[in-house]
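The values are calculated or read from the model by the stated rules, or taken from the named source; none is laboratory data. From a predicted model like this one, the values you see are computed outputs, not experimental measurements. A quick note on method: Cβ atoms are made from the backbone with ideal geometry, for glycine too, and the neighbour counts reach across all protein chains shown. Remember, those area values only see protein heavy atoms, side chains included, never the ligands or the DNA or RNA. Shrake-Rupley method; radii C 1.70, N 1.55, O 1.52, S 1.80 Å.
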Amino acid sequence: MKKIFVTRPIPDSGIQYLKKQKDFEVIVRKKDTVISRRELLKSVKGMDAILSILTDKIDAEVLDAAGDQLKIVANYAVGFNNLDVKAAKKRNIILTNTPAPELSDAVADHAIGLMLALAHRIVEADQFTRHGKYKGWGPTLLMGTDLHKKTIGIIGMGRIGQAVAKRAAGFDIKVLYSSPRRASKKIEQACNAKKISLDTLLKKSDFVTIHVPLLPSTKYLIKAKQLKMMKKTAFIINTARGPIIKESALLHALRDGQIAGAGLDVFECEPLTHCDPRDHTYFRKMNNVIMTPHTASASMEARGSMSLIAAKNIAAVLKGKKPINPIFIN
Ligand code: DGY
């Protein structure tokens, strides 16, 4: 019997897939909370596979706690900054992620949603109406700005960046992007997209949206210097990973009116239960900041597909086959 530990309940598609396989025992942790370090170290003991989520730090200590039989850690996320790749390589443990097309689409939808919500002040307007402040139509009441015909700057033109660019085309938007690799001519033409340097992107864009993974090279990619380059009327959107923006610098930029607003789905410190509770108090008070709790990919379609992908990776590896989505090739 091969044992699989799932660190937190996930959509059923993947669990059912694993349960249908012969000789697999699937242990799904019941509590729908972030697993504590202590419980994680205890629970992985004797497992052949771990299905982890992005708040689980899977490092050498966890891999060793599992034991020599551990074959695979399947991360239920496309991002894998919570996994120690070096430690896994050293122990011949396979790591996989879930780059589902549905995830790219969901995150792109969310990024565009944040842009629209910021531009049209939708959250503010909802609060205003909800609190009974709407007394009648006003010529300048809650005036915002347009998204259509503006310039958006996409930092990172991978799967998700391209999904954003495709949507932007429908808004008659000019797309600037910075990326190590050039997108195909087809994408560039279809999306009215042009590759430029990060600095120029920051200077010219009305909406800057981040779609790069968190790596040592992208940590604090956006800090005071970069925020100062942006237009005073521009908005920044982050649906990638929190530490790509230095939050203290963003806070100052917003407070000093250096930029117009921010849409944040991710935060420098996640899970927030592990932070100083004062960390987000300032953002919470700002009308020009919209925050969502890392839910950009939280559509049934995306999360269901991620579940199945993670399961298929585990099943393949435990049956001695190649994983479908390896994070590295040994
Ligand atoms: C990912 O997959 O990396 C997202 O951030 C979570 O859905």
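Can you tell me which residues in the range 1-21 are touching a residue at least 24 places away in the same chain (Cβ under 8 Å) and closer than 19 Å to LYS42 by Cβ? Matches in the range 1-21: LYS3, ILE4, PHE5, VAL6, THR7, ARG8. Under 20 Å from LEU114 (Cα atoms) and modelled with pLDDT of 95 or more - does that describe any residue in the range 178-189? No, the range 178-189 has no match at all.
Taking the criterion of being touching a Ser or Thr at 6+ places or on another chain (Cβ under 8 Å) and open to solvent by 10 Å² or more (accessible area, probe 1.4 Å), the residues of the range 28-62 that qualify are ARG29, VAL34, ILE35, SER43, ILE53.
When ILE53 is tested against (1) within 26 Å of the chain's Cα centre (by Cα); (2) more than 20 Å from THR295 (Cβ to Cβ), exactly one condition is not met: (2).
The set of residues in the range 2-20 being open to solvent by 20 Å² or more (accessible area, probe 1.4 Å) and either touching a Lys or Arg at 6+ places or on another chain (Cβ under 8 Å) or on the phi > 0 side of the Ramachandran plot (or both) consists of ARG8, PRO9, ILE10, PRO11, TYR17. Residue pairs whose Cβ atoms lie under 9 Å apart, separated by 6 or more positions or on different chains, with the first residue in the range 44-70 and under 19 Å from LYS31 (Cα atoms) and the second within 16 Å of the ligand (Cβ to nearest atom) and acidic (Asp, Glu), are ILE50/ASP56; LEU54/GLU270; THR55/GLU270. Answer yes or no as to whether PHE283 is away from the ligand (no atom under 16 Å from the Cβ), surrounded by 23 or more Cβ atoms within 10 Å (Cβ to Cβ) and over 21 Å from THR98 (Cβ atoms). No; evaluated as a whole, the condition is false for this residue.
Scanning the range 241-257 for residues that are out of contact with any helix residue (DSSP H, G or I) (no Cβ under 6 Å at 6 or more places or on another chain) and more than 15 Å from the ligand (Cβ to nearest atom) yields LYS246, GLU247, SER248, LEU250, HIS252, LEU254, ARG255, ASP256, GLY257. Any residue that is of a type in the set (S, T, N, Q), more than 16 Å from the ligand (Cβ to nearest atom) and under 22 Å from SER13 (Cα atoms) - is there at least one of those in the range 28-42? Looking for residues that are of a type in the set (S, T, N, Q), more than 16 Å from the ligand (Cβ to nearest atom) and under 22 Å from SER13 (Cα atoms), one finds at least one in the range 28-42, hence yes.
Pull up the range 235-248, narrow it to residues that are crowded, with 24+ Cβ neighbours inside 10 Å and among the aliphatic types (A, V, I, L, M), then point me to the one that is farthest from the chain's Cα centre (by Cα). So the residue we want is ILE236.
The single condition among (1) assigned to a helix (DSSP H, G or I); (2) open to solvent by less than 10 Å² (accessible area, probe 1.4 Å); (3) of a type in the set (Gly, Ala, Ser) that GLY153 does not meet is (1). Scanning the range 218-240 for residues that are within 14 Å of GLY153 (Cβ to Cβ) and away from the ligand (no atom under 16 Å from the Cβ) yields a total of 11. In this structure, ALA65 qualifies as in the same structural domain as LYS19 (by TED's automatic domain parsing), of a type in the set (Gly, Ala, Ser), away from the ligand (no atom under 16 Å from the Cβ) and open to solvent by 20 Å² or more (accessible area, probe 1.4 Å).
Screening GLY170, GLY161, GLY156 for residues that are within 15 Å of the ligand (Cβ to nearest atom) and farther than 20 Å from SER299 by Cα leaves exactly one candidate, GLY156. Where helices (runs of 4 or more DSSP H) fall wholly inside the range 182-230, the ranges with 1 or more residues that are among the β-branched types (Val, Ile, Thr) and surrounded by fewer than 23 Cβ atoms within 10 Å (Cβ to Cβ) are 185-191, 198-204.
In the range 245-274, the residues that are of a type in the set (Gly, Ala, Ser) reach residues that are in a loop (DSSP other than H, G, I, E, B) and loosely packed, with under 14 Cβ neighbours inside 10 Å with C-beta atoms within less than 7 angstrom, at least six apart or across chains, in these pairs: GLY257/LYS232; ALA260/LYS232; ALA260/THR233.
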